[in-house]
1. I'd like to check something: does region 54-64 contain any residue that is among the polar types (S, T, N, Q) and in a loop (DSSP other than H, G, I, E, B)?
2. Please enumerate the residues belonging to region 139-176 that are among the β-branched types (Val, Ile, Thr) and under 19 Å from the mean Cα position of the chain (by Cα).
3. Restricted to region 227-272, and to residues that are assigned to a loop (DSSP other than H, G, I, E, B) and loosely packed, with under 13 Cβ neighbours inside 10 Å, which residue is farthest from the chain's Cα centre (by Cα)?
4. Which one of Arg61, Arg83 is out of contact with any strand residue (DSSP E or B) (no Cβ under 9 Å at 6 or more places or on another chain) and either touching a residue at least 40 places away in the same chain (Cβ under 8 Å) or farther than 24 Å from Arg9 by Cβ (or both)?
5. Restricting to region 14-69, give me the number of residues that are surrounded by fewer than 16 Cβ atoms within 10 Å (Cβ to Cβ) and in contact with a helix residue (DSSP H, G or I) (Cβ under 8 Å, 6 or more places away or on another chain).
6. Within region 152-180, can you find the residues that are of a type in the set (A, V, I, L, M) and assigned to a helix (DSSP H, G or I)?
7. Please go through (1) touching a residue at least 60 places away in the same chain (Cβ under 8 Å); (2) surrounded by fewer than 18 Cβ atoms within 10 Å (Cβ to Cβ); (3) farther than 22 Å from Val108 by Cβ; (4) in contact with a His (Cβ under 9 Å, 6 or more places away or on another chain) for Arg214 and return the number of the only condition it doesn't satisfy.
8. If I ask for residues that are among the small types (Gly, Ala, Ser), in a helix (DSSP H, G or I) and surrounded by fewer than 17 Cβ atoms within 10 Å (Cβ to Cβ), which ones from region 84-130 would you list?
Amino acid sequence: MYRALVRARAAEERLEVLFKQGHVGGGVYRSLGQEGGSVGSAFALRRRDDGTGDIIAQTIRETGAVFLMGGRPVDYFRQYLARATSPTRGREANVHWCDWDRGLVGPVSPLGTMVEIMAGITLSFRLKGEERVGLVYYGDGASSTGAWHEGLNFAAVQRCPMVLLVEANQWAFSTPTWRQTRVSSFTEKGPGYGIPAESVDGTDVLAVYETTKRAVDAARAGEGVHLIEMRYYRRKGHAQHDPQDYVDPAEIAEWEARDPILRFKNRLLEEGWAADDDLAEIDRMVAREVDEAAEAAIRDPLPVGAWAVEEVYTDAAAPMPWTRIDSPHPHQS
């Protein structure tokens, strides 16, 4: 678990350097201060690489969860650097990629939509009798979108084996949470859909794991959707180009003292679960792994321009939808 936390942060720190060096053409999104949420929650899943395990719908800040599900750091860098060898062959960026065998369901940009998509996917698990669970992550701002509510209501009614994790990181772009919702805790939204909801300190990776494990086990047992609020703070701007000048520096400093990696490291040492030398060796191994992955991605070629239209269009003829017929039949649906 410590290795997973350190690896997520080390990869993002190296990515920030690559961005400043001009290797990254798009945005860079950090999960600084939120690593405990993605790592702790992903640890509660059945992680497999043969298409039979649990799945996640990751967001731009789920680096730790993507790695735990089997996403490789070298592919992470290839994605951000838009290399021909990336999982999307240079078409997309960051963690927007799918790997059905490993349980990665790449996000789409319209916020809230992935709740609807994951509702459909997890409904298929229930209908086919598969003991699989879907974990869908979302920032607190996305909970104010219509798709989020529609998807959650559908999933709740259909008792889909889905766990929705609301990352209450205090900000939606530059909008503070209190400006886009009246609730003091996102757990208050659970009863409106008839689903259980629980809040957890997102800077405590063990607490996140235990809370998610309860929800995942319940969903797997047929108890339907569960909602978890993970409380922490987005210690960087929305993206690397965001100067974050709308945030009180004292507020960031307050949350730095609750850093999830530092908290877990201290717990490991206090409980006698690990020694300083053990953790230092993990730090060195992770640094080496991340450096090698980044250097490998830099050396990889860029995509061919013609690839942009491959696997996008199809030659197969599709029937005209009845809604586009000049005079649709009034009783046809």
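The values are calculated or read from the model by the stated rules, or taken from the named source; none is laboratory data. Keep in mind that this is a model prediction, so the values were computed, not measured. Virtual Cβ from ideal backbone geometry, glycine too; neighbours counted across all protein chains shown.
1. Looking for residues that are among the polar types (S, T, N, Q) and in a loop (DSSP other than H, G, I, E, B), one finds at least one in region 54-64, hence yes.
2. Thr145, Val163, Val166
3. Filtering region 227-272 for residues that are assigned to a loop (DSSP other than H, G, I, E, B) and loosely packed, with under 13 Cβ neighbours inside 10 Å, the one farthest from the chain's Cα centre (by Cα) comes out as Gly272.
4. Result: Arg83 is the single residue among Arg61, Arg83 that is out of contact with any strand residue (DSSP E or B) (no Cβ under 9 Å at 6 or more places or on another chain) and either touching a residue at least 40 places away in the same chain (Cβ under 8 Å) or farther than 24 Å from Arg9 by Cβ (or both).
5. 0
6. Residues satisfying the conditions are Leu152, Ala155, Ala156, Val157.
7. Answer for Arg214: the failing condition is (1).
8. Across region 84-130, the qualifying residues are Gly120, Ser124.
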